[in-house]
Amino acid sequence: MADTLADLAAQLRIDSIRCTTAAGSGHPSSSMSAADILAVLFQKYLRFDFQQPRAPNNDRFVLSKGHACPVLYSAFKAAGAIDDKELMSLRKFGSRLEGHPNPHVLPLVDVATGSLGQGLAIGVGMALTARLDRLPFRTYVLMGDSETAEGSVWEAFDKASHYKLDNLCAIIDMNRLGQSTQTELGWNGEAYAARVRAFGWHAITLDGHDLDAIDRALAEAQSKQGQPTCLICKTEKGHGSSLIANQDGWHGKPLPEDKARDAIQELGGERHMRIDVKKPDALRPSGQDTAAPLKLPTYEVGQKEATRKAYGDALLALGNARPDVVALDAEVSNSTYSDEFRKAHPERYFEMYIAEQNMVSSAVGMAVLGKRAFVSTFAAFLSRAYDQIRMASISNATLHLCGSHAGVSIGEDGPSQMALEDLSMMRAVGGSTVLYPSDANQTAKLLAQVVECQGITYLRSTREKTPVLYPASEEFPIGGCKVLRRSDQDVATVVAAGITLHEALKAWAMLKEEGVAVRVIDLYSVKPVDAKTLREAARETHGRLIVVEDHWAEGGLADAVLEAFTGERQRLPSVVRLAVTKQPGSGKPAELLNAAGIDAEHIVESVTSFVEDVTRDTDGQGKPQEEAWGHPHA
């Protein structure tokens, strides 16, 4: 067996060299340092059915140091999951073997990696899923030593020990050399071990090129109970090639063809051995709650309720109906109201404390294994985990985010707590869905649709109690909007969502008393946006739109509205943005809305100025002149 493992490790190194040299790019040296680890893991410990990569009892392997994917792809070749021709397509256009693992094209991997410091937190989510589903599969995470400088790594170390995840094994490939310099700790394995132990883990230091030592360490990790285990493996970058082993300047550089031939010869020559990765027992999740009909909460029109409370009520309803729903929160569940779910389904609720990056990545780990993961915290603090959200999209994960306490309307807490960028950042995530409900019934109906959505969804909730506008029977299709006020005499359209919709309705009533009619649109679906209704409103109200949002002027509702007119072969509407343009402070919600210029009074002022424009743009008899908005360009 030792000779077989040595031959396999050499093959993984050789194939890492071959495919990166053929690609003219990649990371052979980072792959070569981990070859012995993967050889032992794949040959002796991993239980994985390559014909069914989503089998529920498969062990999970996360290559957190995603740039070392050549060695992973080489292991896939050795296992017969891909052939040599595909291996040699590494990094080529159209290849499944991208420069970093990507499940969009390669279902043999669960998550996208490459943004360092996220793999261990994903592993935490996977290990929690195994426990929740009462399955014996194990999760292995191979990390680079450089990425341990990321704080998110230590968030994950902390949460793994808190939950006593003895089915999780982290492996640090301590090869000493980073991209531009030596890593912070170099080969000081005891320093890594001390830190890991301080976070409650069982730590083992070893020679990462000693096959027997790796074997013993993995066996010890497998038998450890009540604690996760971390293997700190001292390795050489580029191990096996005297040209590049432990040498600076080779990070991310393939060997030229002549040097590659020499290195392959030094490693004993090209070979194509196959290994038989053992399959797991064909087990399925057990001990789950029974599915039941969905019974959404309902609210009476006119009563006051916060949409954050409706989120909690609806999340509980989803949890009652669907055993695949899980909830994670960052120690604010009594404000986001996810605590309603926690009280009813404590085994499916996961407290992640004030560690938003770990929370999002752990939710990704659960989501890619089939859970419908709902993640909630104050919207402002999701910005801390934006890279994790971005990578979740690349991972093809379905993740449902809720950000509460958004905008200046939260009041006295001040600007550090006010999410004023969240709509912009969530709209920018590839394939995302962004929703901003204005009342409780709308929130519940949207959440019932969100649970069926694929990709990243974001629901923005409001702190303040607001009047219920819609009956519980109303439907709110994602991608739609609601026209709440309209007439044939409308001189402008006011577009709002959430808290500002209520201000828009107040403004409508004030203007009506003055004999001025305006249209009011509830843009609850920010992405996708209802382009048809917005275009119709622009045509019918002289191309005059006033967009009111409790958000910075950049990237929010107004930009979503303008994008609805992309490609239109007619004049663009005239859009007035009422948005937050100055740094807010503390104060009462009404004071802050007024100071930002996004309350009913300021909406009335904007409409009044439009009325004056209407007068100038007509022929004196109230009829639009020939140049009126809506006519195509000549």
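The values are calculated or read from the model by the stated rules, or taken from the named source; none is laboratory data. Small disclaimer: the values here were computed from a predicted structure and weren't measured. We place every Cβ from the backbone using ideal geometry, glycine too, and count neighbours over all the protein chains shown.
Does Gly94 qualify as being more than 30 Å from the chain's Cα centre (by Cα) and assigned to a loop (DSSP other than H, G, I, E, B)? In short, no. Residues in region 238-252 include at least one that is in the same structural domain as Ala39 (by TED's automatic domain parsing), over 26 Å from Tyr45 (Cα atoms) and of a type in the set (Ser, Thr, Tyr).
Does at least one position in region 191-200 carry a residue that is part of a loop (DSSP other than H, G, I, E, B), touching a Lys or Arg at 6+ places or on another chain (Cβ under 7 Å) and either in contact (Cβ under 8 Å) with a residue 60 or more places away in the chain or in the same structural domain as Glu147 (by TED's automatic domain parsing) (or both)?
Here is the first cut: in region 191-200, the ones part of a loop (DSSP other than H, G, I, E, B) are 199-200.
Restricting the remaining residues to those that are touching a Lys or Arg at 6+ places or on another chain (Cβ under 7 Å) gives none.
Checked region 191-200: no residue is part of a loop (DSSP other than H, G, I, E, B), touching a Lys or Arg at 6+ places or on another chain (Cβ under 7 Å) and either in contact (Cβ under 8 Å) with a residue 60 or more places away in the chain or in the same structural domain as Glu147 (by TED's automatic domain parsing) (or both).
Give Gln11, Gln51 a once-over and let me know the one that is part of a loop (DSSP other than H, G, I, E, B), outside the structural domain of Val368 (by TED's automatic domain parsing) and not charged (D, E, K, R). Just one listed residue meets the conditions, Gln51.
Hey, any hits in region 279-288 for a residue that's in a helix (DSSP H, G or I) and surrounded by 15 or more Cβ atoms within 10 Å (Cβ to Cβ)? No: region 279-288 contains no residue that is in a helix (DSSP H, G or I) and surrounded by 15 or more Cβ atoms within 10 Å (Cβ to Cβ). None of Ala130, Ala170, Ala121, Ala149 is at pLDDT 95 or above, surrounded by fewer than 19 Cβ atoms within 10 Å (Cβ to Cβ) and of a type in the set (A, V, I, L, M, F, W, C) except Ala149.
Set side by side, the residues Gly238, Gly178 differ, and just one is at pLDDT 95 or above and either over 30 Å from the mean Cα position of the chain (by Cα) or among the small types (Gly, Ala, Ser) (or both), which is Gly238. Please go through (1) polar (S, T, N, Q); (2) part of a helix (DSSP H, G or I); (3) surrounded by fewer than 24 Cβ atoms within 10 Å (Cβ to Cβ) for Ser16 and return the number of the only condition it doesn't satisfy. Condition (3) is where Ser16 drops out. Filtered by the rule that a residue be among the polar types (S, T, N, Q) and touching a Pro at 6+ places or on another chain (Cβ under 6 Å), region 288-304 gives a lone residue, Gln288. Scanning region 329-349 for residues that are surrounded by fewer than 24 Cβ atoms within 10 Å (Cβ to Cβ) and of a type outside the set (D, E, K, R) returns Val332, Ser333, Asn334, Ser335, Ala344, His345, Pro346, Tyr349.
Close Cβ contacts (under 6 Å, 6 or more residues apart or on different chains) running from residues in region 466-492 that are under 21 Å from Leu446 (Cβ atoms) to residues that are assigned to a loop (DSSP other than H, G, I, E, B) and hydrophobic (A, V, I, L, M, F, W, C) comprise Val468/Val301; Pro471/Val301; Cys481/Leu523. Just give me the residues in region 26-44 being touching a Leu at 6+ places or on another chain (Cβ under 9 Å) and over 17 Å from Cys233 (Cα atoms), in sequence order. If the condition is that a residue be touching a Leu at 6+ places or on another chain (Cβ under 9 Å) and over 17 Å from Cys233 (Cα atoms), then Gly26, Pro28, Gln43, Lys44 are the ones that fit.
Restricting to region 534-568, name every residue that is over 20 Å from Val518 (Cβ atoms) and either in contact with a Cys (Cβ under 9 Å, 6 or more places away or on another chain) or free of Cβ contacts under 8 Å to residues at least 40 places away in the same chain (or both). Residues satisfying the conditions are Ala553, Glu563, Thr566, Gly567, Glu568.
Identify the residue in region 310-368 that is part of a helix (DSSP H, G or I) and hydroxyl-bearing (Ser, Thr, Tyr) and, among all such residues, is nearest to Lys295 (Cα to Cα).
Filtering region 310-368 down to residues part of a helix (DSSP H, G or I) leaves 310-321, 333-336, 339-344, 346-348, 356-367.
Within this subset, residues satisfying the condition of being hydroxyl-bearing (Ser, Thr, Tyr) are 311, 333, 335-336, 361-362.
Numbers: Tyr311: 14, Ser333: 22, Ser335: 23, Thr336: 20, Ser361: 30, Ser362: 28 Å.
Across region 310-368, the extreme among qualifying residues is Tyr311.
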